[in-house]
Amino acid sequence: MIVPLYDSTTGVTVYVDPSFVMTLRPDPEHPLDMSLIKLKDGETLHVQGEHREIADKLAYPPA
């Protein structure tokens, strides 16, 4: 399963495999509308959406 999310840094859609997500947390600067996703390879993505909303999108099976 691949999940499309909007990367707020680059302004494009990124496609995330939930099995590669290490951590998901609110962005400290914009906790209500942005989230930080850290991937297993060390890359951090700044995605648009509150962290619980993003967690639901990444859940398998989808909520």
Response to the item:
Interchain or sequence-distant (5+) residues whose placed amide H lies within less than 5 Å of the amide H of Met34 are Asp27, Gly49
Fill in: Taking the chain and dividing mean pair separation by its residue count, relative contact order in percent (alpha carbons under 8 Å, at least six apart)
28
Worksheet item: Given [x] 54; [y] 72; [z] 84, which label gives volume of the Cα convex hull per residue in Å³ as computed from the coordinates?
Response: [y]
Worksheet item: Amide H neighbours of Val16 under 5 Å, counting only residues 5+ apart in sequence or on other chains, H built in-plane at 1.01 Å?
Response: Val3, Leu5
Worksheet item: Heavy-atom accessible area per residue, the chain, 1.4 Å probe: how many Å²?
Response: 67
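The values are calculated or read from the model by the stated rules, or taken from the named source; none is laboratory data. Note that the structure is predicted; figures quoted are calculated from it, not measured. For accessibility, only protein heavy atoms count, side chains too; no ligands or nucleic acids. Shrake-Rupley method; radii C 1.70, N 1.55, O 1.52, S 1.80 Å.
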